[in-house]
1. Out of the residues in the stretch 542-575 that are buried (at least 17 other Cβ atoms within 10 Å of the Cβ) and within 17 Å of the chain's Cα centre (by Cα), which is nearest to GLU426 (Cα to Cα)?
2. How many residues, within the stretch 206-239, are within 23 Å of GLN304 (Cβ to Cβ) and either touching a His at 6+ places or on another chain (Cβ under 7 Å) or of a type in the set (Lys, Arg) (or both)?
3. If you go through the stretch 286-306 one residue at a time, do you hit one that is in contact (Cβ under 8 Å) with a residue 40 or more places away in the chain, surrounded by fewer than 18 Cβ atoms within 10 Å (Cβ to Cβ) and touching a strand residue (DSSP E or B) at 6+ places or on another chain (Cβ under 7 Å)?
4. Go through the stretch 353-410 and tell me which strands (runs of 3 or more DSSP E), entirely inside it, have 2 or more residues that are of a type in the set (Lys, Arg) and touching a strand residue (DSSP E or B) at 6+ places or on another chain (Cβ under 8 Å).
5. Within the set of pairs 6+ apart or on separate chains, which have a first residue in the stretch 515-533 that is surrounded by fewer than 17 Cβ atoms within 10 Å (Cβ to Cβ) and modelled with pLDDT of 55 or more, a second that is of a type in the set (Lys, Arg) and not in a loop (DSSP other than H, G, I, E, B), and C-beta atoms under 8 Å apart?
6. Give me the pairs: first residue in the stretch 42-62 and closer than 30 Å to ASN27 by Cβ and modelled with pLDDT of 65 or more, second residue part of a loop (DSSP other than H, G, I, E, B) and not aliphatic (A, V, I, L, M), beta-carbon distance under 9 Å, and six or more apart or on different chains, which are they?
7. Take the stretch 1-49 and flag every residue that is hydroxyl-bearing (Ser, Thr, Tyr), crowded, with 16+ Cβ neighbours inside 10 Å and assigned to a strand (DSSP E or B).
8. Would the stretch 379-402 turn up any residue that is within 27 Å of THR464 (Cβ to Cβ), exposed (fewer than 14 other Cβ atoms within 10 Å of the Cβ) and among the acidic types (Asp, Glu)?
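The values are calculated or read from the model by the stated rules, or taken from the named source; none is laboratory data. The structure presented is a predicted model; accordingly, all values stated were derived computationally and were not measured. Virtual Cβ from ideal backbone geometry, glycine too; neighbours counted across all protein chains shown.
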Amino acid sequence: MPSTFLGLNTSYTGLVASNASLNTTANNIANIQTKGYSRQQVNQTAAEAMQFFQTYGCVGAGVDILGAERVRDIFYDEKYWTNSSKLGEADKKQYYCSIIEEYLKDVEGTNEVKGFTKIFSEFQALLSTLQTSTDQKNHALDFIGSAENLCEYFNIIYNNFQKMQKDVNDEIKIKTDQINSLSQQIASLNKQINTIEVSGVGIANDLRDKRDLLIDELSSVIDVECEEKPVLDAHGNPTGLNDYTVKICGGQLLVNKYNYRQLECVPRKTWQKVNQNDIDGLHDIRWTDTKEDLGVCGKTTGGQLKGLFEVRDGNNYEAFTGKVTAVDTKEKSVTVKVTDDYLKSMSKSTLPLTDGRIKLGGEYYYYTDFDFRLDDNGDCYYTFNLSEDKTRNPVAITKDLIKQSASVSDKVNYQGIPYYLEQMNEWVRDYAYSFNKIYGTEGATDVNGDPSSSDIFFTGTNATDNTQYAMDVKIGASSYNSASQSGYFMLTAGNFNVLQAIAKDPSKLATHTVETDGSAKYDIIESLFDLAENKEKMTFRGCSAREFLECLLGDAGLNAASANSFQNLYENIEESIANNRFSISGVDEDEEGANMIKFQNAYNLASKMISVLNDCYDRLINATGV
């Protein structure tokens, strides 16, 4: 039969359970403002009943405490992490899209911002004035000054975009260091959690909260996948240990139990460029152990890091790609056939002229220069002359590369900084070519009535020696050698300027071809003025030269609107998920207040039961004598 004192022990277990629940409630209330804290509750179950051989069968023996555990739902955690990576990507794009819009802003009125439209209109206005006053040198001087303002506008915008690319590149390094720090902390917490839980003293709730908080932070930087599995012994029984793994960037292992991997940012050398307009030292992110590229811009990736990479490297899915058609092992050259239309025009190309990187059949090689050839059938070929430096190209090329794929940079399906720089370069090259073509008309005469001393007006400046390029290779040329340091391919928005000889002496400005109506004849100036609107003379994306900014602002506006839309969408989703997660894991003041009263009443009843049983035992032992 059960012990005479069973009731006292049963009441005592109730007292202990109520006390534990009160302490847990106190802990919840104390951490009500603690970020990442999960509400805890005491899990309890009926103690094993005592059996005895009478009619009643079993007698309850009280309650057993299983431990205090977090109230957490992994389903909402995973949803939160997935959305957080998408929100992080949208945040970065939204931020830099707003900066791009500021760079391209053109506002009239009280808060005027002088952008392309305003500057180009002034340029056209002075060109119009010059039509009827070609014999007046002061008008020529004003016009040349406005042309220099137009060039300076592009120079400034180009440099601003490059500075922004540097800022983004620096932020990529910061985010990479953040991932490394988080992975180390997560691995350390894995060890602490297992050390506590394997001893059997309970669940490491607070440490698990800290780990989940780190995963929350990591998910905003890069996409994450987390999995926890119990470690079993040889007989298949739980050991109390758990394997916790974290994968990032489409399933690449970052943390495995107590071990963690690190990433490194490797700056590209000057001879490792993949885009003519890129700044020096852009970072590639690699694993320190395998030296493999992280591949941030994959379709299954996300997070702030992906947003930064797409802003930094986004080329609107237009990059150099083709097939190897010939390999010359003796001359160390590789010929690649391309089919994309944007690679058949010099004005659209973004290839580094010299010292660039090309990927041939999965292996990186470095070239010194290249030859461009467009045949009569419309087939386009690039022949890359590879560097003979074995430190750059340790793997020799072979005929096996024929029919292999070739690429200079990845196709990134986003209109990032490289895209806007390419668009500016294209306009500058096409406009300079079209302008110079008219300006250099045969028989051109300058302001003084003398034969024109130059057949070009716009050119570019070599940053190395400050000399100006010869624009002798025309847009649409069927052949070109990048080492020649000449032609319109050398021209960028960053080096665009007016020929120095004309800038120094405005009287050398070519204005007309004949003297029929005196020195004020303006046939060249008239034709140049018409260039802004006449699509037969020049088109930019199907628009006139004057509509350049409208095209770019349209791109920037669409990108900004898309980024804002996605940011708002993911913020709303995050709020919804966070509310659902809080409804399960968060500490609610009213709920904890109700629990406090509930467990206090249970504690008081258990105490009263002990007091009643104490009176019974006192009567039994002291008042019942023999």
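1. ALA556
2. 2
3. no
4. 356-360
5. Listed pairs, sorted by first residue: GLU533/ARG546.
6. Final answer for the pair search is ALA46/GLY60; ALA46/GLY62; ALA47/GLY60; ALA47/GLY62; ALA61/PRO2; ALA61/GLU48.
7. Passing the criteria: none in range.
8. Yes: the stretch 379-402 contains one or more residues that are within 27 Å of THR464 (Cβ to Cβ), exposed (fewer than 14 other Cβ atoms within 10 Å of the Cβ) and among the acidic types (Asp, Glu).
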